[in-house]
Amino acid sequence: MVNLAMSLNKDRFTFLIENLDIQKNQAVNLSIVFLVIISSGIFVIQTYSIPANIEFILGIINTNILICFAIEYLLRLWNQENKFKYIFSFYAIIDLIAILPGFIGIIDTSFIRILRWFRILRLIRFIEKKSLFGIINNEDLLIFVRILFTLFAIIFVYSGLIYQVEHSVNPEDFRNFLDAFYFSIVTMTTVGFGDVTPISSSGRLLTVLMILTGITLIPWQIGDLVKRLIEISNKVKILCYNCGLAFHEPDADFCKKCGEKLQKVPNK
């Protein structure tokens, strides 16, 4: 009886976190997304000079968010049949990185503090779905969102990392997150004004990684974005009433996503 109850609870939990098209499930997952954005915003705010009482409040908020993430991680782990395999899966590692700095914060090292900037990557789990919280179902628009998020996440993480390793040794150039963000954009686009220069070994290594990312991954992502724009420009707006895909090739008779017969009258 106990095993049956646990099995039913696991099935209910799986349904709650995985089926994003249900309104109740959307609220749960949107709450997680909201918490990720808030916690990432707190990290950015904390790079500026703020009053001690505001710093204290932000710390409390971040601690509570951390507890929520920890509970979610443990529930996901409990829900898995093969827990050992799950621990080493991509999403589980990202989740663990998101909560690790808080729970071993007593070891106040730069390495531990660096990990918190990867928390934004927790959003990958949600944008990889076929539907974005039941709000965005259009395949082309979903691809746009994924590409734009990838670009933003790369720049955000690099900005946080370079700030973390350079601020203590070079506070004149890396005063806050905006300075680090400016440096990341300039470096990754290979503009290289030279007005901001990292002086630590870790900072220089990160700069090299930024440049390599800037000449490989970013052009690839932007190329995909341009490709999607060209593809959409060559399509006509014919709505599939079964799956909601809006754009198809002019000579298409069936939806390329679900295979449903298309009505050949363009949706106006």
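The values are calculated or read from the model by the stated rules, or taken from the named source; none is laboratory data. All values reported here derive from a predicted model rather than from experimental measurement. Every residue, glycine among them, receives a Cβ derived from its backbone with ideal geometry; neighbour counts consider all protein chains shown.
Only a single item in (1) in a helix (DSSP H, G or I); (2) over 30 Å from Lys227 (Cα atoms); (3) modelled with pLDDT under 90 is not met by Leu178, and it is number (3).
Among the listed residues Thr213, Thr207, identify the single one that is hydroxyl-bearing (Ser, Thr, Tyr), within 21 Å of the chain's Cα centre (by Cα), surrounded by 14 or more Cβ atoms within 10 Å (Cβ to Cβ) and modelled with pLDDT of 75 or more. Break it down stepwise before answering.
Values: Thr207 fails: within 21 Å of the chain's Cα centre (by Cα).
The match here is Thr213.
Residues are listed down the side, and each one gets a yes or a no for (1) loosely packed, with under 11 Cβ neighbours inside 10 Å; (2) at pLDDT 85 or above; (3) part of a helix (DSSP H, G or I); (4) not polar (S, T, N, Q):
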residue: Leu4; (1), (2), (3), (4): yes, no, yes, yes
residue: Phe15; (1), (2), (3), (4): no, no, yes, yes
residue: Asn29; (1), (2), (3), (4): no, no, yes, no
residue: Val33; (1), (2), (3), (4): no, yes, yes, yes
residue: Ile57; (1), (2), (3), (4): no, yes, yes, yes
residue: Ile61; (1), (2), (3), (4): no, yes, yes, yes
residue: Phe69; (1), (2), (3), (4): no, yes, yes, yes
residue: Tyr91; (1), (2), (3), (4): no, no, yes, yes
residue: Ala98; (1), (2), (3), (4): no, no, yes, yes
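Looking only at residues of the stretch 155-177 that are free of Cβ contacts under 8 Å to residues at least 60 places away in the same chain and under 21 Å from the mean Cα position of the chain (by Cα), we find that the one that is farthest from Ile218 (Cα to Cα) is Gln164.
Is it fair to say Ile61 is more than 23 Å from Ile127 (Cβ to Cβ) and either touching a Phe, Trp or Tyr at 6+ places or on another chain (Cβ under 8 Å) or in contact (Cβ under 8 Å) with a residue 12 or more places away in the chain (or both)? Can you show your working first?
On the way: more than 23 Å from Ile127 (Cβ to Cβ): yes; either touching a Phe, Trp or Tyr at 6+ places or on another chain (Cβ under 8 Å) or in contact (Cβ under 8 Å) with a residue 12 or more places away in the chain (or both): yes.
The answer is yes for Ile61.
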